[in-house]
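Reading through the C-alpha cells given below for one structure.
The values are calculated or read from the model by the stated rules, or taken from the named source; none is laboratory data. Given the structure is predicted, the values throughout are model-derived calculations rather than measurements. As a convention, Cβ positions derive from the backbone with ideal geometry for all residues, glycine included, and neighbour counts pool all protein chains shown. Only protein heavy atoms, including side chains, enter the accessible area calculation; ligands, DNA and RNA are left aside. Shrake-Rupley method; radii C 1.70, N 1.55, O 1.52, S 1.80 Å.
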Amino acid sequence: MGGGPAGELAADESADRVADSFAGLVADLAAALSPDRVRAEPTELALYRRDASMLSGEAAVICFPTTTEEVAAAVRVSRAHGRPFVPRGSGTGLAGGAVPTGPRPPVVIVTTKMNQILSVDPEARVAWVQPGVLNLDLSRAVAPYGLHFAPDPSSQQSCTIGGNVANNSGGPHCLLHGVTTAHVLAMEAVLPDGSIVELGGLDPEPAGYDLRGAFVGSEGTMGIATRIAVRLTPLPPAVSTLLADFTSIEAAAQTVSGVIGAGIVPAALEMMDAVITGAVEAYVHAGFPTDAAAVLLVEVDGLAAGVAAAADAITSIAKAQGARTVRVATDPAERALLWKGRKSAFGAIARIKPNYYLHDTVVPRSQLVAVLTEVYQIAERHQLQLGTVFHAGDGNLHPLILFDKREPGVMDRVLAAGKEIIEVCVAAGGMLSGEHGIGLEKRDFMGLVFSGDDLEAQGWLRSAFDPDQACNPWKVLPAGARCGDLQDLPPGAWI
Ligand SMILES: Cc1cc2nc3c(=O)[nH]c(=O)nc-3n(C[C@H](O)[C@H](O)[C@H](O)COP(=O)(O)OP(=O)(O)OC[C@H]3O[C@@H](n4cnc5c(N)ncnc54)[C@H](O)[C@@H]3O)c2cc1C
C-alpha cells in the first residue's frame, strides 16, 4: 500500500494522470455535477476555510452533490486531478475535521444538498437517510410515529447525520441511549477510489468484520457516507427534568457520583458552572440561578412510575449533598426552556468574550472534582477566563477558554492552557475526546494516549480504505503514523 501524504499526491502522479489545470478541475466537476453546484470564487471558498473550531485552511473548490453517483464522480474527478478531498456536512465540527488543509488545497465535497429522508419503517424502527439530513429534522420527521433519533448533540438544529456518523457524536441523552455508533445499522459509502460499497446491514448480526463500526467515528478519513440506515428509538412515555443548584462544584460533582452509584442511569446528567449559567440566563432566561456555583440538569425517562421514583431518589441525593433547591419542570414548555438553556451554552458565552476554545476530554467520574480543580487553576495561571459545561454523567468535560483574539499574545496563552488541560485529563486516566473527535486539533496529541505500535495499527486500517491518503488528509493520525509522514500544521492554521 502507498503511504505518502496527500499533499505529495500531485507531485507523485505521472503527468498524464494529472490533468493540466485548475480550470480543468472546475470544468470536470461542473460536468460531473452541474455548474451551479461547483463553486470556486474567493468569497465562496473563504466560507469553507473553517468549521466551528479555531482552525482554518484553504479549499481549492467546493462542490455540492445530490446523489451517491455524483459524490463518486466528484471523488474520481478530484483524484484524476491529483487533489485530495474533504467530506463536509454543516461544518459545526469542533476539532477541525472538515477544515481543508495541506500544501495542495483539497476539493471540499459538501453533503448539505443530500438532505432527503429516503424511507421510514416504523415497525422495524429504521430510517434510511441521506447524510445531509439535519439531526433535529430527522427526529421531527419521525415524531408522528412516536420515534426519535436518540443522539442529540447540542448542535442538533444544524449538524448533519453524516457528520454525526463521522464523529460518532454524542449528546446529553447519550448517557442512557449510547452515542451515534449504537444507532447506525448500515451505510452506503463512496470510498476514496470512487467505488461505492455498503457497510453493515439491517440483520441483527451482519456477517464479516464490522466495517460499519470502523467507519463510524473515522472522521471522514475512510470515504463519504452517502446513505445511512439509522435505528429509531421510541419516545419515552414519561419524562422528568430536574434542575439542582449548588454552592460548590464539588457538591454538584459528588451528586453525579451519588446518582450513578445508586444505580440510577438518567437519560441525561449535565453540569454547568457559574460562568456558563450566568451567560445562559442573560440570553435565554431559563430561570437558572445565577448565584449558584454549579447547576445540574438531570432528566429521567421511561414508564411513569419508574420516572417518579428516580426523580425522588435524585432529589434526595442532591439534597444530601447540599443542593439549595431541586426544581422539577412542571410542563413540556418549562422542560424545553431548560434544555434550550443548556443547548445554547456555547452561543451564550459570546456575551462575555468574542472567542472561545472548547475542549472535549473525558475523565473517570471519580476524578471529576480533582481534574476540574486543576483545570480552573490552569486557566488562572494563564490569566484566562474559563467556564465549564459538560455531560457530567459520562465524565465528558467541556472546559471553554474565553478570550478575545484581538488581544496581543492571547493565542499563545490559550493554546498553552489548552495543552495543559489535555495533559491533566490524560494523566487522570482520561481520553483526548469524548465526542468532538480528534480532527486536526488533537492529531498531535494522539501520542499521549497511544503507543507507536497502536498508531501504526490505526494507520494500516486507514490505509486499507485509503491507500493514497487522499481522503481528508492530515487529520486524526499524527506525524510519523503509518499513514504517511504528515508534516506540522501549516502556518496560520490556528485562527
Ligand atoms: C454549538 C455546538 C454544540 C455542539 N454540541 C455537540 C454535542 O453535544 N455533542 C457532539 O458530539 N458534538 C457537538 N458539537 C460538534 C458537532 O456539531 C458534531 O461533531 C457534528 O456531528 C458535526 O456535524 P457536521 O454536519 O457539522 O459535520 P462537519 O463539521 O461538516 O464534519 C465533521 C467531520 O465529519 C466528516 N464528515 C461530514 N460528513 C461526512 C460524510 N457524509 N461522510 C464521511 N465523513 C463526513 C468531516 O470530514 C469531518 O471530519 C457541537 C458543535 C457546536 C458548534
Residue count, segment 56-67 (criterion: crowded, with 24+ Cβ neighbours inside 10 Å and either of a type outside the set (Gly, Ala, Ser) or not assigned by TED's automatic domain parsing to the domain that holds Arg39 (or both)): 3
Restricting attention to segment 132-152, does a residue exist that is assigned to a loop (DSSP other than H, G, I, E, B), touching a residue at least 24 places away in the same chain (Cβ under 8 Å), touching a Pro at 6+ places or on another chain (Cβ under 7 Å) and closer than 27 Å to Ala268 by Cβ? yes
For segment 291-305, the count of residues that are under 23 Å from Phe246 (Cβ atoms) and open to solvent by 20 Å² or more (accessible area, probe 1.4 Å) equals 2
Being within 19 Å of Ala229 (Cβ to Cβ), open to solvent by 30 Å² or more (accessible area, probe 1.4 Å) and at pLDDT 95 or above is the requirement here; does Leu134 meet it? yes
Can you give me the number of residues within segment 172-197 that are part of a loop (DSSP other than H, G, I, E, B), of a type in the set (Gly, Ala, Ser) and closer than 30 Å to Val107 by Cα? 2
Got a number for residues in segment 263-274 being outside any helix (DSSP H, G or I) and open to solvent by 10 Å² or more (accessible area, probe 1.4 Å)? 3
Taking first residues from segment 153-168 that are assigned by TED's automatic domain parsing to the domain that holds Leu136 and second residues anywhere that are more than 7 Å from the ligand (Cβ to nearest atom) and charged (D, E, K, R), the pairs with Cβ under 6 Å that are 6 or more apart or on different chains are Ser154/Lys343
Quick count over segment 439-464, residues being open to solvent by 20 Å² or more (accessible area, probe 1.4 Å) and within 24 Å of Gly162 (Cβ to Cβ), is 3
Note on Ala182: of the conditions (1) under 30 Å from Ala286 (Cβ atoms); (2) crowded, with 20+ Cβ neighbours inside 10 Å; (3) within 16 Å of the ligand (Cβ to nearest atom), unmet is (2)
Of the residues that make up segment 82-95, is at least one more than 13 Å from the ligand (Cβ to nearest atom) and open to solvent by 20 Å² or more (accessible area, probe 1.4 Å)? yes
Does any residue in segment 364-381 that is assigned by TED's automatic domain parsing to the domain that holds His398 come within less than 6 Å, Cβ to Cβ, of a residue that is open to solvent by 70 Å² or more (accessible area, probe 1.4 Å) six or more places away or on a different chain, and which pairs are these? Val369/Glu250
Scope segment 222-264; condition without any contact (Cβ under 8 Å) to a residue 12 or more places away in the chain and closer than 19 Å to Gly322 by Cα; matching residues: Gly261
Restricting attention to segment 198-245, which residues are under 27 Å from Gly302 (Cα atoms), open to solvent by less than 60 Å² (accessible area, probe 1.4 Å) and outside any loop (DSSP other than H, G, I, E, B)? Ala229, Val230, Thr233, Pro234, Ala238, Val239, Ser240, Thr241, Leu242, Leu243, Ala244, Asp245
Pull up segment 412-438, narrow it to residues that are acidic (Asp, Glu) and surrounded by fewer than 21 Cβ atoms within 10 Å (Cβ to Cβ), then point me to the one that is farthest from the chain's Cα centre (by Cα). Asp412
Thr277 vs. criteria within 16 Å of the ligand (Cβ to nearest atom), farther than 21 Å from Arg365 by Cβ and crowded, with 22+ Cβ neighbours inside 10 Å: no
Hey, Tyr145 hits all of (1) under 29 Å from Leu400 (Cα atoms); (2) open to solvent by 20 Å² or more (accessible area, probe 1.4 Å) but one; which does it fall short on? (1)
Odd one out for Thr241 among (1) under 30 Å from Val275 (Cβ atoms); (2) in contact with a Pro (Cβ under 7 Å, 6 or more places away or on another chain): (2)
